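Presented below is the structure to which this report refers.
The values are calculated or read from the model by the stated rules, or taken from the named source; none is laboratory data. These numbers were taken from a predicted model, which means no experiment stands behind them. No Cβ is skipped: glycine too gets one built from the backbone with ideal geometry, and neighbour counts run over all protein chains shown.
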Amino acid sequence: MSKSSLSQLDYAKLFLEKGGGKYSNLDQWLRKWFWNHTDQNKLRLSKQGFKYLRGVEYPLHKVKLPEKLKNRTLIQMSRLLTCCYYIENLSTVWLTGKDETVMLKLHADNLQQYLDNQDLTKD
């Protein structure tokens, strides 16, 4: 799986389409919905972004992790995940990508193992 070609801006447009919103003030939406809105390639959602997606019934996939996330895992997620994601209490991850969710399930919800494998197969 290669890094997504979709940026925060592309995802914001998809989210607005799902919610029936307009594209005006996209910069405002980016600041509200994404954890790091200054880097268009970082796809971690803020709490407000997650709540918006839940409210418009955007497809989200919940993955309960066997152990709490570590700093290393958070950094790898930022670099390697190809879909938007929300971290809940460091023990649950919500993903917008169906393919990534399936791959994670194939790794028995072991996010660290999945990301390590992504690092090995990258490039």
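Observations on the model:
- If the condition is being in contact with a Gly (Cβ under 8 Å, 6 or more places away or on another chain) and under 13 Å from Ser7 (Cα atoms), then the range 34-56 contributes only Phe34.
- All told, Glu57 meets the bar of being at positive phi, surrounded by fewer than 13 Cβ atoms within 10 Å (Cβ to Cβ), assigned to a loop (DSSP other than H, G, I, E, B) and not aromatic (Phe, Trp, Tyr).
- Residue in the range 60-69 that is in contact with a His (Cβ under 9 Å, 6 or more places away or on another chain) and either assigned to a loop (DSSP other than H, G, I, E, B) or on the phi < 0 side of the Ramachandran plot (or both) present: no
- Cys83 fulfils the conditions (1) in contact (Cβ under 8 Å) with a residue 40 or more places away in the chain; (2) surrounded by 13 or more Cβ atoms within 10 Å (Cβ to Cβ); (3) more than 22 Å from Ser5 (Cβ to Cβ) except for a single criterion, (3).
- Scanning the range 68-77 for residues that are without any contact (Cβ under 8 Å) to a residue 40 or more places away in the chain and surrounded by 12 or more Cβ atoms within 10 Å (Cβ to Cβ) turns up Leu74, Met77.
- Cβ-Cβ under 6 Å pairs, at least 6 apart or on other chains, the range 1-16 side aromatic (Phe, Trp, Tyr) and buried (at least 17 other Cβ atoms within 10 Å of the Cβ), far side at pLDDT 90 or above and not in a helix (DSSP H, G or I): Tyr11/Cys84
- Entry remark, the range 39-48: residues being surrounded by 16 or more Cβ atoms within 10 Å (Cβ to Cβ) and outside any loop (DSSP other than H, G, I, E, B) number 2 in total.
- The range 90-123, subset assigned to a loop (DSSP other than H, G, I, E, B) and of a type in the set (D, E, K, R), residue modelled with the highest pLDDT: Asp109
- Among residues of the range 89-123, those that are among the charged types (D, E, K, R) and surrounded by 18 or more Cβ atoms within 10 Å (Cβ to Cβ), counted: 1
- Unmet requirement for Lys32, which otherwise passes all of (1) closer than 16 Å to Leu9 by Cα; (2) part of a helix (DSSP H, G or I); (3) within 12 Å of the chain's Cα centre (by Cα): (3)
- Leading residue by the ranking (surrounded by the most Cβ atoms within 10 Å (Cβ to Cβ)) among those in the range 18-38 that are more than 19 Å from Leu95 (Cβ to Cβ) and among the charged types (D, E, K, R): Lys32
- Hits in the range 14-29 - residues which are of a type outside the set (D, E, K, R) and part of a helix (DSSP H, G or I): Leu14, Phe15, Leu16, Gly19, Leu26, Gln28, Trp29
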